[in-house]
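Report on the following structure.
We did not get these values from a lab; they are worked out from the coordinates using the rules stated. This one's a predicted model, so the numbers in the text were calculated from it and none came from an experiment. Cβ placement follows ideal geometry from the backbone for every residue including glycine, while neighbour counts extend to all protein chains displayed.
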Amino acid sequence: MNAAAQFVSVSQMFGDFTAVDDIDLSIPAGKLTTLLGPSGCGKTTSLRMLAGYTRPTKGQILIDGVDATNAPPEKRGLGMVFQSYALFPHMTVTDNVGYGLRLRGVSKQERTERAAESLELVGLGHLAARKPRALSGGQQQRVALARAIAIRPKLLLLDEPLSNLDARLRVQMRSEIRRIQHETGLTVVLVTHDQDEALEMSDEMVLMRDGRIMQQGAPAEVFGAPSNRFVANFLGYENFVRTLTGLVTVRPEHLVVHPDTSSAPAGLSLPGVVTDIAYRGVDLLITVAARDETGAITLISDVRADGAPRLAPGDSVTATASASHLVDLAD
Ligand SMILES: Nc1ncnc2c1ncn2[C@@H]1O[C@H](COP(=O)(O)OP(=O)(O)O)[C@@H](O)[C@H]1O
Ligand SMILES: [Mg+2]
């Protein structure tokens, strides 16, 4: 793999607290890599170390194979977009986009050309003369993206760039950012706490917890074979069952609830009692109290509402899953 950036045994302490704990990470060139994990797991801190806003307490950061650990941000050639995209209100869109180029001493004519090019790329060429306040939130976000791209960065760093947008626009911008990444061939590192966003957008996904990397790989790889319970749970696996041979998990949509206690196909089969049924329009969530090798567990089955068995809380049932839908987990 051709690495655009590398973390080599990198840690970040804040006083006694370890925010990033000895991570080794390669960011593949020309790909979109996401850092995914719950709030506080060290995503932003990692990105800030890559950008040069924070020095690692320990370890090295390489950019294009060269040690950049102590290089200041402006020497790293990186473009960055934050959650709050802070445009200059008194400047036009073009001047906002050209701002980074002005700092780098690029001539006015070239600034205008490159700003126009970046604005085309994000689909805002027609709004070049506007001021930010005359733009929607989504458009402002694109301007921030155009501004980061205009400097032709070696790496584009995006920290939760979609989290201030409404749900619909957020989903639309996922494919926009992917398109821009494809068209430019830029190396992008995107921070998110949203697993759907990461699954949809990533070439490479890095799942973090408590300052450590839990698992890294292509989305289908990680999703298809989560390496531990935390990863599985974070990606939406709900049912964790300890069997005689180990810990297995199964997604709610693969757990079937039978309204009798007889059926027992190969795979998983557990008797239980329905404790809740939640109607959600297209589907139903059926909660079942069951027991595994260690004691009481809760199972959740997600079934299509139209073909769902008639069940009520208190009913005795059998929850089953075929062997092909069971995922073995390390503890
Ligand atoms: N400047 C700082 N001083 C002290 N603690 C910090 C500082 N920056 C981040 N932290 C702590 O480090 C941990 C990781 O933070 P952060 O990288 O922002 O997480 P994330 O972006 O994954 O939500 C959190 O517990 C946070 O409170
Ligand atoms: Mg953060």
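DSSP bridge analysis restricted to segment 137-281 gives an antiparallel fraction near 65%, rounded to the nearest 5. Looking only at trypsin sites (Lys or Arg not before Pro) in DSSP loops with at most 13 other Cβ atoms within 10 Å, what is the longest site-free stretch of the chain? Longest stretch, sites excluded: 105-279.
Taking every DSSP helix (H) stretch of at least 4 residues in the chain, weighting each as -39,500 (n - 2.57) and dividing the sum by the residue count yields a mean residue ellipticity at 222 nm of -7500 deg cm²/dmol.
Ranked from largest, the principal axis spans of the Cα set of segment 245-331 equal 35, 23, 22 Å. Give the residues of segment 1-40 whose amide nitrogen is closer than 18 Å to a point set 7 Å from the Cα of Asp64 in the direction of its Cβ. What the label zone holds, given the 18 Å backbone N cut-off, is 2-7, 27-31.
A straight Cα-to-Cα reach below 19 Å connects Lys108 with the aspartates and glutamates Asp95, Glu117, Glu120, residues fewer than 8 places away in its own chain not being considered.
Full extension of the chain segment joining Asn228 with Asp210 gains 5.0 nm, where the gain is 0.36 nm per residue of separation less the Cα-Cα distance.
Shape analysis of segment 122-253 yields a ratio of the Cα radius of gyration to the Kirkwood radius, Rg/Rh, of 1.08.
Label-to-label distance, Thr245 versus Arg55, with points set 7 angstrom from Cα along the beta-carbon direction: 5.3 nm.
Mind checking which lysines have their Cα closer than 29 Å to the Cα of Lys58? Skip sequence neighbours fewer than 8 apart in that chain. The reachable lysines, counting only those whose Cα sits under 29 Å from Lys58, are Lys31, Lys43, Lys75, Lys154. The simple spin-label model puts a point 7 Å past each Cα toward its Cβ; for Glu74 and Glu120 those points are separated by 3.0 nm. Dipole orientation for the chain: of the candidates Val303, Val93, Gly138, Val93 has the Cα lying most toward the positive pole (charges on Cβ; Lys, Arg +1; Asp, Glu -1). Under the combined filter of DSSP loop state and at most 16 neighbouring Cβ atoms within 10 Å, segment 29-124 retains these chymotrypsin sites (Phe, Trp or Tyr not before Pro): Tyr53. The alpha-carbon atoms of the chain define a convex hull whose volume equals 167 cubic angstrom per residue. If you plug the beta carbon distance of Lys131 and Arg152 into 1/(1 + (r/R0)^6) with R0 = 30 Å, you get a FRET efficiency near 0.75.
What separates the Cα centres of segment 234-304 and segment 30-49 is a distance of 33 Å.
Residues whose amide H lies under 5 Å from that of Leu158, counting only those 5 or more places away or on a different chain, are Val81, Val189, Leu190, Val191; hydrogens are built 1.01 Å from N in the peptide plane.
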